[in-house]
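The values are calculated or read from the model by the stated rules, or taken from the named source; none is laboratory data. What you are looking at is a predicted structure, and each value in this text was computed from that prediction instead of being measured. When we count neighbours, we look across all protein chains shown, and the Cβ atoms used for this are built from the backbone with ideal geometry, even at glycine. Note: areas computed on protein heavy atoms with side chains; ligands, DNA, RNA excluded. Shrake-Rupley method; radii C 1.70, N 1.55, O 1.52, S 1.80 Å.
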2 protein chains.
Amino acid sequence: MPDDPLPAWNDGPNKQAILDFVAAVTSAGGDQFVTEGDRIAVFDNDGTLWCEQPLYIQLGFVLDRVRSLAPEHPEWQEQPPFNAILANDREALAALTKRDLAALIAATHAGMTTDAFAEVVRAWIGTAKHPRFERLYTECVYQPMLELLDYLRANGFQTWIVSGGGVDFMRVFAEAVYGIPPAQVIGSSGKVQFELRDGRPVLVKLPELSSFDDKEGKPANIHLHVGRQPILAGGNSDGDLAMLQYTAGRDGRSLALIVDHDDAEREYAYRVSPLGRLEAALAEAGQRGWTVVSMKDDWNRVFPT
Amino acid sequence: MPDDPLPAWNDGPNKQAILDFVAAVTSAGGDQFVTEGDRIAVFDNDGTLWCEQPLYIQLGFVLDRVRSLAPEHPEWQEQPPFNAILANDREALAALTKRDLAALIAATHAGMTTDAFAEVVRAWIGTAKHPRFERLYTECVYQPMLELLDYLRANGFQTWIVSGGGVDFMRVFAEAVYGIPPAQVIGSSGKVQFELRDGRPVLVKLPELSSFDDKEGKPANIHLHVGRQPILAGGNSDGDLAMLQYTAGRDGRSLALIVDHDDAEREYAYRVSPLGRLEAALAEAGQRGWTVVSMKDDWNRVFPT
């Protein structure tokens, strides 16, 4: 196929489902035609567009950031959960509570301007590497999904990220890596406070969560940011179920797509892990005929070369 | 001028300031050039893009909605603030407190799905008329601002609304009236709850405010939704000051624009009214050389014909 828009996808029913869907909604005059403005595609990020094992990449940032800030915080040596990170106590790290995580996020994501935070993330993401693949995290994105994003945009779709990850974190690299501009990145967010510092406007990141963009929060945030029901959604865990239901339940044609991590050799094989579960969404996919993508069978390449 | 992109604007320094600004930021190779993705223009709605006197249009919707729901709520006949509306008690209406308004918003904007609410607004906005101008509210938009929005988009700008008005209210007509799609409408918003009703996904509007998009909330929401600092902002009251400061304080060229209502004959003349004040923003405009548009002198037409 010389003009294959999805060369990293193996031929088969799942690739065909994508091609058929795009053909149907873009065929002017067809009964499943969708106008361009309504061609909204939403994607989870962690585990859907890039690797989330063995640790959410943003959590890797948090750990590195605690280590690099530690000299300014001698009290952290004795203070959980910071001391667990500084001692690299894997057992304690595996047992982090939500409250611990909130404290870590507050210490690493707040108390500075949005611009300063973006600079810190930019510096980190430009050098930090995945522990197993030994490549930049931004090179641990899935080549087939990059192709899918490009293919959708070439067909008049708007591509959006709808992730539990932090919006200020993802926006630093989303445009360069995925071709998705800041305004089309939806994520968890904290409150910010507008201030004039020496007459210069800044937004200061406060240690208070504003929106946790997971589960039922995803369709709510899609409504808030997009204002339209998507026609395509991609996810990889039960945290994406509500977004998949919101998309698949529209009047008219839709595509609900789940990435199933079943490739321990090239990436990871997991459905249940400390990061989340793929159970309810998989059951519903089976009942409703959603597209479950096997990383092992459907993708001839996982990462960009 | 045969190719005048702003025919409803009189020639003069304010029109020239707009033309000069757009020329400067779109001149490739010029030292004030701004790439397309960064050409973000944000506009307040009430009093900036459409008429806000004698009453916010959305408040007109609230009053009409209370009247039309009254038969289902016999208790409202005795219950403030509803009874004031039903009795058309202008004195009581003028004295509505924030708490009264919250009760009215909850009674008229919540307890139904987002789709049902949009239908109610659509029906109302399609027929309700301005009490003085006796034309549809959607025809009480400012022709010069429509031209400005078109002109900016023709020059690669993204145009956004950033209003204290309700996002679910404005999105019903913003695309048809202003050419601004739902995703580029930022406003005050309430919480919504995702539910499956008979297997069908819906979002139910809850009577709880999520974001009040006014004053310092405007730059915070611009960051949340756009993720980029605007290069052009338009407003008409002190509620827009933070957004104007956020825009004008960027590195590089910007345009901060204030609509001054000084035309009692064709529209209204006010700087201080129950709806808001134009004081601090006007003082800052004077100090910083922002563009203060006189409705009377700068616009040869106010409304579309």
note = Taking region A:8-41 and keeping residues under 17 Å from A:Val226 (Cβ atoms) and touching a helix residue (DSSP H, G or I) at 6+ places or on another chain (Cβ under 6 Å) leaves A:Val34, A:Ala41
ask   = For residues in region A:263-293 being open to solvent by less than 10 Å² (accessible area, probe 1.4 Å) and among the acidic types (Asp, Glu), which is nearest to the chain's Cα centre (by Cα)?
value = A:Glu267
query = Out of region A:193-244, which residues are open to solvent by 30 Å² or more (accessible area, probe 1.4 Å), within 9 Å of another protein chain (Cβ to nearest Cβ) and assigned to a strand (DSSP E or B)?
reply = A:Gln193, A:Glu195, A:Leu196, A:Arg200, A:Ser210
note = Of the conditions (1) hydrophobic (A, V, I, L, M, F, W, C); (2) in a helix (DSSP H, G or I); (3) over 18 Å from A:Phe303 (Cα atoms), the single one that A:Phe173 does not satisfy is (3)
message = Against the definition (buried (at least 17 other Cβ atoms within 10 Å of the Cβ), touching a helix residue (DSSP H, G or I) at 6+ places or on another chain (Cβ under 6 Å) and among the acidic types (Asp, Glu)), how does B:Asp260 come out, yes or no?
response = no
query = Of the residues in region B:31-59, how many are away from chain A (no Cβ under 14 Å), in a helix (DSSP H, G or I) and either touching a residue at least 60 places away in the same chain (Cβ under 8 Å) or farther than 30 Å from B:Arg90 by Cα (or both)?
reply = 2
request  = Taking B:Ala94 as meeting all but one of (1) surrounded by fewer than 15 Cβ atoms within 10 Å (Cβ to Cβ); (2) hydrophobic (A, V, I, L, M, F, W, C); (3) in contact with a Gly (Cβ under 6 Å, 6 or more places away or on another chain), write down the number of the exception.
outcome  = (3)
request  = Take region A:136-150 and flag every residue that is closer than 30 Å to A:Lys205 by Cα and open to solvent by 10 Å² or more (accessible area, probe 1.4 Å).
outcome  = A:Leu136, A:Tyr137, A:Thr138, A:Glu139
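Could you tell me whether any residue of region B:138-147 is assigned to a strand (DSSP E or B), within 20 Å of A:Ala183 (Cβ to Cβ) and not charged (D, E, K, R)?
no
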request  = Inspect region A:67-75 for any residue being within 21 Å of A:Glu147 (Cα to Cα) and part of a loop (DSSP other than H, G, I, E, B) and give the result as yes or no.
outcome  = no
query = For residues in region A:151-182 being without any contact (Cβ under 8 Å) to a residue 24 or more places away in the chain and open to solvent by 20 Å² or more (accessible area, probe 1.4 Å), which is farthest from the other protein chains (Cβ to nearest Cβ)?
reply = A:Glu175
Conditions (1) over 23 Å from the mean Cα position of the chain (by Cα); (2) open to solvent by 70 Å² or more (accessible area, probe 1.4 Å); (3) not hydroxyl-bearing (Ser, Thr, Tyr): number failed by B:Gly12 = (2)
ask   = Among A:Ala84, A:Ala28, which is without any contact (Cβ under 8 Å) to a residue 60 or more places away in the chain, among the aliphatic types (A, V, I, L, M) and open to solvent by less than 30 Å² (accessible area, probe 1.4 Å)?
value = A:Ala84
